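Could you have a look at this structure, given as C-alpha cells, before my questions?
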Amino acid sequence: MRAPIDAPVRVSGRPSGRARGAPALPRDWLSTWLVLLVASAMGFLAALSVAAALGADTLARGLTQDLKSRATVVLPVAERDEETLSRAVEVISQAPGVRSVRPIGGAEQADLLAPWLGEDRELSDLPLPRLIDVVGVSDRSPPIAEIARRLSEAGIEADVDAHGAYVERLEPAARQIRAFAYGALMIVAAAAGLTVALACTAGLTAQARIVDVLKLVGAQDSYISRIFVRRYQWLAFLGSGGGAAVAILALILSGGAGGGQVVLNEELAPLLPNLRPQGDDWLRFAAIPASFAIIATVAARLSVRRTLRRR
Amino acid sequence: MIHFSNVGLRYPQGAVALRNVSLTLEPGSLYFLTGKSGAGKSSLLKLLYFALKPTSGDLTVLGENARRIKSDKVAQLRRRIGVVFQDFQLLDHLTVYENVALPLIVANVREAQYRSNVLEMLEWVKLSEKINDKPPFLSGGEKQRVGIARAMVSVPDLILADEPTGSVDPEMGARIMALFAEMHRLQRTVLIATHDTELVRRSGAPVLHLADGVIHRVSGDGGAPPPAHGFSADDGFGRRMR
C-alpha cells in the first residue's frame, strides 16, 4: 500500500471468518459433483487395475519360483516296482544341486488325476507310472541332465520333466496380463485428465463473468488458473481417493480373487492371483489419489491457460 | 500519464466510437468527461483500462502503448488503475468486504496489510454495517458504493469512473465526489464520465466533452486541484490518506 491509513477505524461490523479466506470461485454443485463422481469411478477402476497388475506380478513370481525349482522324474510302467523307485530316489538324492527328493504317493497321484478320472476311482488296477518330485537348491532348477545321466548309469529308465519349460510359457502370459493392467491404468488416467480438462473449460465458460471481473481488477492469468486448478485438483484427489478406497474394500471383502471362496470356484482359486493388497501394495494404492491430483493439475492448467489465451 | 494521438476506435460491426482523438491528461489531473449516451464515453474509458485497443493512432497509458501492450503487462497495469463501472461488476458470491478487497487479493497482498484500508473505505461509503452482505442483497446505490470503494482501495495511479453517482442520492453523490477530490489531492489522475451537469458545475473541474466521437475541451487544464471544487472531505479522510 502506497498510502497506509493509520488512523483508528470505527466500524460496527467485522468481516466474518470465511470472508478472510475469500473463495475466488462460487460453489458450483453440478460440476463439483460431476467431477467428484467421475474421479471416484476412475479411482475405483485405477485401484482395480493396480490390483490386477500386482496380482499378475505375484502370480507370475509365485509360479516361476515354484516351478523353476522343481522337476518331476517319471518311472515308466515297466519300472514302477518299489525297489526301482527307492533306487531312483537314492540316485537322484546324490546328484549335486538337489535339495529334496520325494516319491509322489498313490493318494497324491489320485488327487492329481481326480479332475480327469473322478474322486472315487480306484487307481491300483491302472498301469500308472511312478512319479518323483525333485526340488533344486536355492530355488534353482534341479540339474536335469545330471539326474538323467545318473539314472541312466544306474540302469533305471526314466523321463526327467523339467518345469522350466512351463515357466517359459507362463512368463510371457504374466507379462501380458501386467501390460494389459497397466495399459488400462493409462487409459483410466487419460480419461480422468480429459474429464478434468473438459470440466475446467466448462467451468471457465460458466464463470466467464467472474473471470472477466478478476481480469479487470488486475488478476493475472496465472492467478485465475491457480484458483481453477486448485478446485479441480482437490476434487480429483478426494474423488479418486474415495473410489480407490471402495475398490480396496471390495477386494478385501471378496477375499481377493485369489481367496476365491466367495466369488469363484474353490478349485480355481489357487490358480488365480491374490488381488488383496498386502505389504508394499498399500503404497501403490495410496499413490492413486496423489497421481490423480497431479493429472488433474496438469490437465486443468493446460485447459485454463488455453482458454484464457483465447479470451 | 495518458496521451491520445489521433486515436480512432471502430467496432468490428463498423460503428465508429472515436475519431482522431488527441489529448493529454497529466499525472494528478482531474477531468470530467461528458457527452450524450452513445457519444463514446464508455468506449474511451475502455481504451484506458485496456478492455479495447485503438484501431488507429497511438494511445499511451501509464507509459505503455495500448496498441502494442502484451496481455501479461495488462494485468500489471490494471493494478494501477481503479475503475468504477456503470454496471458495478461485482462478484455476487463474495461479500462486500471481499469485493472491495478484490484488487488487493488478486495482487497477493496479505490481509493484514489491507484490512484497515478496506474497512475505512467501507466506512467512507457508509457500508460498514454491510461488510458481510453479498451484492444480490444490496440496493443499486449500495452496489455502486461498493464498486467505488473497490476502485479506490489500493489508491491507484489512475481512477476511471463511469457514471459514479448515477445510482446514489445527492448527499452520497457529494460524499463520493469528495473521495475523488481526495484522490486528486493525492496526485492521482481522475477521469469521471457523467451525465450529471449539476455535479460538473459544482465541482469546477475541467470538462472534456465528447460528441460524435470527437473530444472538445470545454474548460480548464485539469492540472492543479481546483481551489473550489465544491466537495470536501472534512472528516480528515484525505489527511490520513496522505
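Of (1) open to solvent by 50 Å² or more (accessible area, probe 1.4 Å); (2) in contact with a helix residue (DSSP H, G or I) (Cβ under 7 Å, 6 or more places away or on another chain), B:Val146 satisfies all except one. Which?
Unmet for B:Val146, out of (1) open to solvent by 50 Å² or more (accessible area, probe 1.4 Å); (2) in contact with a helix residue (DSSP H, G or I) (Cβ under 7 Å, 6 or more places away or on another chain): (1).
Just checking, how many residues over the stretch B:105-128 are under 11 Å from B:Val153 (Cα atoms) and either open to solvent by less than 10 Å² (accessible area, probe 1.4 Å) or within 7 Å of chain A (Cβ to nearest Cβ) (or both)?
Summing the residues that are under 11 Å from B:Val153 (Cα atoms) and either open to solvent by less than 10 Å² (accessible area, probe 1.4 Å) or within 7 Å of chain A (Cβ to nearest Cβ) (or both) in the stretch B:105-128 gives 8.
Those residues that are within 12 Å of the chain's Cα centre (by Cα), closer than 15 Å to B:His3 by Cα and open to solvent by 10 Å² or more (accessible area, probe 1.4 Å), I need them from the stretch B:40-55; list them, please.
Those that are within 12 Å of the chain's Cα centre (by Cα), closer than 15 Å to B:His3 by Cα and open to solvent by 10 Å² or more (accessible area, probe 1.4 Å): B:Lys46, B:Tyr49.
Go through the stretch A:161-220 and count every residue that is within 14 Å of chain B (Cβ to nearest Cβ), part of a helix (DSSP H, G or I) and open to solvent by less than 60 Å² (accessible area, probe 1.4 Å).
Total meeting the criteria: 8.
Something else: Regarding A:Leu235, is this residue within 14 Å of another protein chain (Cβ to nearest Cβ), part of a helix (DSSP H, G or I) and buried (at least 24 other Cβ atoms within 10 Å of the Cβ)?
Numbers: within 14 Å of another protein chain (Cβ to nearest Cβ): no; part of a helix (DSSP H, G or I): yes; buried (at least 24 other Cβ atoms within 10 Å of the Cβ): yes.
When the stated conditions are applied, A:Leu235 does not pass them.
Please determine whether any residue of the stretch B:159-166 is of a type in the set (Asp, Glu) and assigned to a helix (DSSP H, G or I).
no
Yes or no, residue by residue, for (1) open to solvent by 10 Å² or more (accessible area, probe 1.4 Å); (2) touching a strand residue (DSSP E or B) at 6+ places or on another chain (Cβ under 7 Å); (3) facing chain A (nearest Cβ under 9 Å); (4) farther than 21 Å from B:Gly40 by Cβ:
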{"position": "B:Gly57", "(1), (2), (3), (4)": "yes, yes, no, no"}
{"position": "B:Glu64", "(1), (2), (3), (4)": "yes, no, no, yes"}
{"position": "B:Gln76", "(1), (2), (3), (4)": "yes, no, yes, yes"}
{"position": "B:Arg80", "(1), (2), (3), (4)": "yes, yes, yes, yes"}
{"position": "B:Tyr97", "(1), (2), (3), (4)": "no, no, yes, yes"}
{"position": "B:Leu102", "(1), (2), (3), (4)": "no, no, yes, yes"}
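Follow-up question, since we're still on this one. With the requirement that a residue be touching a residue at least 12 places away in the same chain (Cβ under 8 Å), open to solvent by 100 Å² or more (accessible area, probe 1.4 Å) and not basic (Lys, Arg), what does the stretch A:91-114 give you?
Result: A:Gln94, single match.
So which of B:Leu48, B:Leu52 ends up being at negative phi, more than 10 Å from chain A (Cβ to nearest Cβ) and at pLDDT 95 or above?
B:Leu48
Further question on the same structure: Would you tally the residues in the stretch B:162-187 being open to solvent by less than 10 Å² (accessible area, probe 1.4 Å) and touching a helix residue (DSSP H, G or I) at 6+ places or on another chain (Cβ under 7 Å)?
Final tally of qualifying residues: 7.
Residues of the stretch A:246-263 being at pLDDT below 80 and farther than 13 Å from A:Leu48 by Cβ, which ones?
Those that are at pLDDT below 80 and farther than 13 Å from A:Leu48 by Cβ: A:Gly255, A:Gly258, A:Gly259, A:Gly260, A:Gln261, A:Val262, A:Val263.
Where in the stretch A:9-100 are there helices (runs of 4 or more DSSP H), lying fully within it, with 2 or more residues that are under 34 Å from the mean Cα position of the chain (by Cα) and at pLDDT 80 or above?
Those helices (runs of 4 or more DSSP H) span A:29-68.
Sticking with this structure for a sec: Take the conditions part of a loop (DSSP other than H, G, I, E, B), in contact with a Lys or Arg (Cβ under 7 Å, 6 or more places away or on another chain), open to solvent by 20 Å² or more (accessible area, probe 1.4 Å) and more than 7 Å from every other protein chain (Cβ to nearest Cβ) and apply them to B:Asp133. Does it pass? Quick ask: steps written out before the conclusion?
Values: part of a loop (DSSP other than H, G, I, E, B): yes; in contact with a Lys or Arg (Cβ under 7 Å, 6 or more places away or on another chain): no; open to solvent by 20 Å² or more (accessible area, probe 1.4 Å): yes; more than 7 Å from every other protein chain (Cβ to nearest Cβ): yes.
No; evaluated as a whole, the condition is false for this residue.
The values are calculated or read from the model by the stated rules, or taken from the named source; none is laboratory data. On a predicted model such as this, the values are computed, not experimentally measured, just so you know. Positions of Cβ are backbone-derived with ideal geometry, glycine not excepted, and every protein chain shown enters the neighbour counts. When the accessible area is computed, the model is the full protein with side chains, heavy atoms only, and any ligands, DNA or RNA have been set aside. Shrake-Rupley method; radii C 1.70, N 1.55, O 1.52, S 1.80 Å.
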